[in-house]
Amino acid sequence: MEHPVSIIIPVYNGFDALRHLAKSLFAHTDSRHEIIFINDASTDSRIAPLLQDFAGRHPNVKVVSNSTNSGFPHNVNLGASLSDRDFVILNSDTEVPANWIPRLFRPIWEDSCTASATPFASKSTSHGFMTNQAVGEALCARFGVETIDRILSTLPANPAENTIPKGHGFCMAISRAAWETVGPFDEARFERGYGEETEWCFRASRRFGLVNRLAPNLLVGHRHN
């Protein structure tokens, strides 16, 4: 059964990437899921009106605006504090396929010991769907994320067989129960961000015995790595 979740999207500029994400996000996300855009003091004057346009057209969209640039860890923590649901961190330079929420959250919904779940990425050094990153990028460029995802969606997805050391913040589902147990991202240590989700996953596993899972039957497009 698909449960309502929150989708937290930190935004700093990236106007074209954000419009690209919005096209797939609104097409493939049920309105029962809330979408929280956090504008981290973007310097591009087009960002604020674009986000307000999203909110005006979609009742499940909430926009939060920071007066100063606070960094990725702070924005995720802020978004998580505005929700009491399981949530997913989603970068603004991503592309999501049809039926992405239930496939991403299946490891969390089926196993209470799961702290996080991460899909395969079209471009990633650690979570790419091909061992050779360049080959994976070339395939996605030629056939598109949706086509590759339809192939991956036929794969078995037994959570118990897909434990990984850490999730990846480009698209990472987090259990609300695990978040309350493990605590938020470490803003003091990671400041603007990079590596905070790795530390969180290690904290979850080493201190609390929780696990991180791969969602192997889901591909999410990622424009950068």
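The values are calculated or read from the model by the stated rules, or taken from the named source; none is laboratory data. In this text, all values refer to a predicted model and were calculated from it rather than measured experimentally. Note that each Cβ is placed from the backbone with ideal geometry, even for glycine, and that neighbours are counted across all protein chains shown. These accessible areas exclude ligands, DNA and RNA; they are computed on the full protein's heavy atoms, side chains included. Shrake-Rupley method; radii C 1.70, N 1.55, O 1.52, S 1.80 Å.
Against the numbered list (1) modelled with pLDDT of 90 or more; (2) surrounded by fewer than 22 Cβ atoms within 10 Å (Cβ to Cβ); (3) not in a loop (DSSP other than H, G, I, E, B), Ala160 comes up short only at (1). Among the residues of the stretch 1-39, those identified as touching a strand residue (DSSP E or B) at 6+ places or on another chain (Cβ under 6 Å) and over 14 Å from Ser83 (Cα atoms) are Pro10, Val11, Leu21, Ser24, Asn39. Just one residue in the set Phe105, Phe37 is hydrophobic (A, V, I, L, M, F, W, C), open to solvent by less than 20 Å² (accessible area, probe 1.4 Å) and in contact with a helix residue (DSSP H, G or I) (Cβ under 9 Å, 6 or more places away or on another chain); that residue is Phe37.
Tallying residues that are buried (at least 23 other Cβ atoms within 10 Å of the Cβ) and either farther than 23 Å from Ser83 by Cβ or in contact with a strand residue (DSSP E or B) (Cβ under 6 Å, 6 or more places away or on another chain) (or both) within the stretch 198-225 yields 10.
Restricting Leu90, Leu78, Leu139, Leu82 to those that are of a type in the set (A, V, I, L, M, F, W, C), modelled with pLDDT of 95 or more and open to solvent by 50 Å² or more (accessible area, probe 1.4 Å) reduces the list to Leu82.
Residues that are in a helix (DSSP H, G or I) and without any contact (Cβ under 8 Å) to a residue 24 or more places away in the chain were ranked within the stretch 184-197; the one that is surrounded by the most Cβ atoms within 10 Å (Cβ to Cβ) is Arg189. Against the list (1) open to solvent by 80 Å² or more (accessible area, probe 1.4 Å); (2) farther than 22 Å from Asn99 by Cα; (3) at pLDDT 65 or above, the condition Thr125 fails is (3).
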